[in-house]
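Only one structure is covered here, and it is reproduced in the block below.
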Amino acid sequence: MVLFSSTIILCLFICILIIQNLKNDDYVPVTLILNDNDTIELQRENDRLKGALERIFPEEQNVLYEKPYRGYYDKIPSFQIYTLPDVIDKGKNIDFNVIYNDTEYMRPTYDSSWKDFYFRNWLYLPDKITNAHHKIFIYPVGGSSNFDFIGDLAFNSVSIDFHRNINFLIYNFDVDNIRQYENQVIFIGRPERKGAQVISIVQDNLLSDNSNTKDFLFQLATPQGYEIDLIYGDAIKFDYLKKIIEENTVKRTFLSSSQTMTLEQLQEENALIKKELSNFIPVEDNLVITKQDCREPLDKDITKLNDLESVIKTGKNIELNIIYENPKYVRPIYDPIWKDNYEKGWAYVPTKICENMHILFPIPSDINKHADFLHNLSIKPVISIDKNKRGILLFNFTPQVVYKKSNRIVIIGIPNRLGFSIMTIDIKELKGHSSYLLQLSTPDFQEIDMDRLYIDKK
């Protein structure tokens, strides 16, 4: 009862103050106070948007490339590298635990948290492209580093033992077996169109009795030893590991405006920044775009088709013409031409990530789109294609033979770490269907990429 009376007295006191203020010429309306708060919040949002805009691209506008020994910094490996069939044949089995397995997982090509954490470089395009080129990642040690690792990849956190184990995040690949020979560890399995696994190996199992630490090359490989991806890393014995983890702390910083602006001016600036930023990323909050959204879904067609091996055995061998190849070509992780042509969508982050998750690209037959298509993929020479041919561009893959069955074309070849080539197929081989399912396959019938080739109606 006492509490109730006190509340009534307090309310009456506030009402009296409000009435007195209404008679006072110096009274500041409550709406203006709210507007001041709105101004502060809008100023903060504008600073965040400006910061995101400034952290997408490198300061120096030069073509950038990934370092050749991924995960090994600037070092050159001192240990001998063996062929994958040798490692598979001579190596020993390594025990491993699959601590996360989602066969339906689709990799994000954009997550709005990247915009929110731009100050931790989650939106930096060269890093996004580098990640898109790879399927295997090693979890770092340390809370801050791990926070950035899962945030940069927009992957859900998984409980992991960082000290006893070395932990791998693997996309679009189903691991069946792990073999070790000398300094190489091979994850043997099948490439998939989707899915994510977190695989854990006890570090002591990779080391001999007289070795406390050792550098390794970790590789994804098909059953017959065709390399799909790689990363360098090291293993450290648990008893030898010092419990000192350097945290990669990054302080949160925002750009500050030196100019005081009214709410109306801030609203106008906000609209302009969002319009400019929308050329490069979606401006919506709480948004996730996945790999499934970046190319036309083809799974519904695949379920009605036979496996790759049956196409080779029962399909028709068609002529393959390689009209251009550069086996030493390195695919860039940033090209200023993307930013220069942002109005064409060449610098739109989700699209750029999607493009770099793939190595197979049907070339448009429309001559007006031909040059832009190649330049957007950082292919500077415009390679002309005969009007009676259809062109296909391949990164990091050497085509050897092509088979066709019904509305399906399978290109068999060898995956590589470098290079690009342009191959053509005669249009007379493409009669009868409005489009064809294109698939890249290793010689042991493992699909490593796919797309659709549309045929122009004459």
Just report the Cα centroid separation between region 169-229 and region 109-140, whole Å.
23 Å
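R0 = 51 Å: FRET efficiency of residue 428 with residue 213, Cβ-based, nearest 0.05? List each step's numbers first, then the result.
Details: r = 60 Å, r/R0 = 1.18.
It comes out at approximately 0.25.
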Within region 91-119, what residues put their amide N at less than 19 Å from the label point 7 Å along the Cα-to-Cβ vector of residue 159?
97-102
May I ask for the net charge around residue 319, where only other residues with Cβ less than 14 Å from the Cβ of residue 319 are counted and Lys, Arg are +1 while Asp, Glu are -1?
+2
Give a quick list of trypsin sites (Lys or Arg not before Pro) in region 365-430 that DSSP marks as loop, anything other than H, G, I, E or B, with at most 14 other Cβ atoms within 10 Å.
387
How large a share of the accessible area of region 94-141, in percent, is made up of carbon and sulfur atoms when the probe is 1.4 Å and the other protein chains stay in place?
44 percent
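Rounded to the nearest 0.05, what FRET efficiency do residue 372 and residue 276 have when you use their Cβ-Cβ distance and R0 = 30 Å? Intermediate results must be reported in sequence, preceding the final value.
Details: r = 22 Å, r/R0 = 0.74.
Once the sixth-power term is evaluated, E becomes 0.85.
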Once the piece of chain linking residue 190 and residue 150 is laid out straight, how much longer is it, given 0.36 nm per residue of separation minus the C-alpha distance between them?
12.0 nm
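In region 265-398, what percent of the accessible surface is made up of carbon and sulfur (1.4 Å probe, ligands and nucleic acids excluded)? Working shown, then result.
Values: 3480 of 7180 Å².
Of all accessible area on region 265-398, carbon and sulfur atoms account for 49 percent.
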How large is the translational diffusion coefficient of region 98-178 in µm² per second when you combine the Kirkwood radius over alpha carbon pairs with Stokes-Einstein at 4 °C and 1.567 mPa s?
94 µm²/s
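Once you've got the Cα coordinates, tell me which of 90/313; 275/339; 194/405; 135/214 are over 27 Å apart. Kindly include the intermediate steps, with their values, before the conclusion.
Details: 90/313 31 Å; 275/339 16 Å; 194/405 25 Å; 135/214 23 Å.
Too far apart for the 27 Å limit: 90/313.
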Using a simple spin-label model with points 7 Å from Cα along the Cα→Cβ vector, what separation in nm is obtained for residue 121 and residue 177?
3.9 nm
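The values are calculated or read from the model by the stated rules, or taken from the named source; none is laboratory data. All values derive from a computational prediction rather than experimental measurement. Please note: Cβ atoms are built from the backbone with ideal geometry, for glycine as well, and neighbour counts cover all protein chains shown. Note: areas computed on protein heavy atoms with side chains; ligands, DNA, RNA excluded. Shrake-Rupley method; radii C 1.70, N 1.55, O 1.52, S 1.80 Å.
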